[in-house]
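Just below is one structure, and these are the notes that go with it.
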Amino acid sequence: MLITTDAICNYFIHRTTGILLSTHCIKIYNDKDEDINIQTKDGSMAYYSVSEAQSCILAHLAARHSETIALHDAPGRVLAEDVTANRNHPPYDVSAMDGYALRFADIASATQASPAVLTVVDDIRAGQMPTISIFPGKAARIMTGAPVPPGADTVVRVEDTEQHGSDVHILALPKPGANIRPLGENLRDGEVVLTAGTEITPGVLAILAMVKKKQVPVYTRPRVAIVSTGDELEGIDEPVDENKIPDANSHALFAQCKALGIKPVLLGIARDNPIELKAKLAAGLEYDVLLASGGVSVGHHDFVRPVLDTLGITMHFWRVAMRPGHPLAFGTSADGCAVFGLPGNPVSSMVCFEQFVAPALRKMMGHRTLFRRTITAGLAHDVSDRAGRMHFVRATLQRDAKGYLASSTGTQGSGVLMSMAQAEGFIVVPAACEALKAGDEVVVQLLHGMEFQQEAGI
Ligand code: AMP
Ligand code: MG
């Protein structure tokens with residue numbers, strides 16, 4: 001089928017807000033010159049700020065259903081139910097040291113020169129219950145984790161003692177009650193020890209193991225589909241054609257999803273052809289989240305939004321006052337699929353993912369922490385900017401005497417992927433700001449890998 005298009009874009013300044021608005025209407029005709037009814041009008045949609053766009057997205061999404069999975073599959077997932085301890089741990093007062101369990105009153109005046117001398121009446125190992133009570137003048141040899149015998153109230157570590165035959169000499173005085181871990185110090189029977197929404201880190205998993213959760217209730221992960229759009233794109237399995245642009249976005253988005261613990265499905269490349277695009281996007285709507293990159297702006301061949309329109313998607317906004325990445329569309333289907341029309345420029349697509357898609361996916365996975373961690377850093381050099389858009393400058397971070405020093409990764413064009421490949425974070429230049437000076441304190445959003453560094457640093 002032959003397709004012709006007719007696009008009309010008019011820009012005007014909104015009377016009261018001064019924001020740039022556009023009317024955008026694309027009509028598509030088939031070879032019989034029939035209007036096949038793909039059109040959209042955006043005159044009423046102003047630019048959202050980054051936070052308005054985030055709020056709008058999050059307001060349309062909720063944590064998903066839950067499922068039960070094996071404990072060892074649970075790292076990185078989010079608990080969907082509170083977890084209650086099924087026992088006390090420790091189950092009784094236990095020794096925190098290898099040493100001697102005794103009555104503090106018996107050794108209150110001990111010194112190295114004049115040690116207290118007690119008779120050793122028992123030898124208690126971990127996992128063994130004491131059979132003898134400790135009366136005045138007596139002590140029991142005790143291992144770490146072994147139950148403190150009745151009558152004893154303090155443990156003296158072995159390094160502060162000398163054993164002579166059946167006697168022990170106490171050479172140094174601990175505090176009363178020292179070296180005893182009280183019953184239930186770690187877990188209290190019947191108490192909620194982990195709440196729904198907790199991410200399962202190795203430490204959390206250890207607690208789940210202690211309360212015998214071999215099966216763990218977690219939130220489901222959303223199923224994500226990725227589509228790249230553009231006539232110029234060359235798929236990774238296609239031979240190199242110098243006139244084409246290798247598809248980076250599908251793979252970058254794949255990796256960004258993987259970093260969140262989601263394995264998305266790549267639906268491939270859709271050409272800038274409404275029929276093909278419609279088929280691909282319709283397939284993507286079968287998933288919980290559809291990420292389509294490219295074709296979302298106002299060019300004559302940017303069909304993503306009008307095609308989504310024909311697929312019944314409710315568009316909530318489609319532009320954000322940010323740089324890079326302002327042509328970003330967000331909509332939802334009647335079945336609850338969240339659709340992100342991401343900008344085609346690879347850096348823009350990646351930045352938009354971090355600002356909007358990542359918080360959305362984390363919310364759907366049940367996380368309480370949705371946004372990338374921010375720190376403050378000193379700026380290593382001036383950054384000039386146009387006011388009106390929040391700017392995400394790709395940056396590296398070095399330690400300095402005051403904390404961190406942030407430097408731009410160099411050329412910041414939205415097609416310069418090296419700026420992302422080298423980035424440890426984004427310097428956030430607020431929308432109201434025109435210029436920042438070297439030495440200014442700036443907010444930096446941390447990206448992947450910031451948990452690790454080259455030197456131990458301790
Ligand atoms: P668009 O938003 O479709 O106008 O694309 C903007 C720019 O991003 C164009 O230069 C495209 O060639 C480029 N681009 C779009 N999609 C991709 C992709 N999947 N991988 C790499 N570059 C892309
Ligand atoms: Mg395109």
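All of the numbers you see were taken from the coordinates with simple rules; none came from a lab. In this text, all values refer to a predicted model and were calculated from it rather than measured experimentally. When we count neighbours, we look across all protein chains shown, and the Cβ atoms used for this are built from the backbone with ideal geometry, even at glycine.
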Once amide hydrogens are built 1.01 Å from N within the peptide plane, the residues lying 5 or more places from residue 193 or on another chain with amide H under 5 Å from its amide H are 83, 84, 85
For residue 111 and residue 381, compute 0.36 nm times the residue count separating them, minus their Cα-Cα distance, and round to one decimal in nm.
-> 91.0 nm
Taking a point 7 angstrom from the Cα of residue 49 along the C-beta vector, which residues in region 374-417 have backbone N less than 13 Å away?
-> 388-391
Want the number for residue 73 to residue 251: 0.36 nm per residue separation, take away the alpha-carbon distance, what's left?
-> 61.6 nm
On Cα atoms only, tilt of 249-259 relative to the major axis of the chain in degrees | 20
Which GluC sites (Glu not before Pro) in region 275-376 pass both tests, a DSSP loop state and at most 15 other beta-carbon atoms within 10 Å?
-> 286
For helix 274-284, what angle does its Cα long axis make with the longest principal axis of the chain, in degrees from 0 to 90 and rounded to 10?
-> 20
Roughly how many nanometres apart are two label points built 7 Å out from the Cα toward the Cβ at residue 265 and residue 172?
-> 6.5
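More than 25 angstrom separation, counting every C-alpha pair in region 211-361; what % is that?
Beyond 25 Å sits 25 percent of the P(r) for region 211-361.
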Starting from region 369-458, pick out the GluC sites (Glu not before Pro) whose DSSP state is loop and whose Cβ has at most 14 other Cβ atoms within 10 Å.
-> 434, 451, 455
Per 20 angstrom bin, beginning at 0 and ending with the bin that holds the maximum distance, the Cα pairs of the chain fall in percents of 20, 38, 23, 15, 5, 0
Helix 50-59 vs. the chain, principal-axis angle (Cα, 0 to 90°, nearest 10) | 80
Kirkwood-Stokes translational diffusion coefficient of region 94-181, alpha-carbon pairs, 20 °C, 1.002 mPa s, µm²/s = 175
Applying 1/(1 + (r/R0)^6) with R0 = 41 Å to the Cβ-Cβ distance of residue 206 and residue 438, what FRET efficiency is obtained, to the nearest 0.05?
-> 0.35
Under 19 Å from the residue 369 label point (7 Å along Cα→beta-carbon), backbone N, region 205-226 = 205-208, 219
Pick out, in residue order, every one of the trypsin sites (Lys or Arg not before Pro) in region 179-260 that is DSSP loop and has at most 11 other C-beta atoms within 10 Å; say none if there are none.
-> 212, 214
Long-range tail of P(r) for region 351-402 (Cα pairs > 18 Å, %) = 52
Region 169-282: proportion of alpha-carbon pairs further apart than 23 angstrom, % | 60
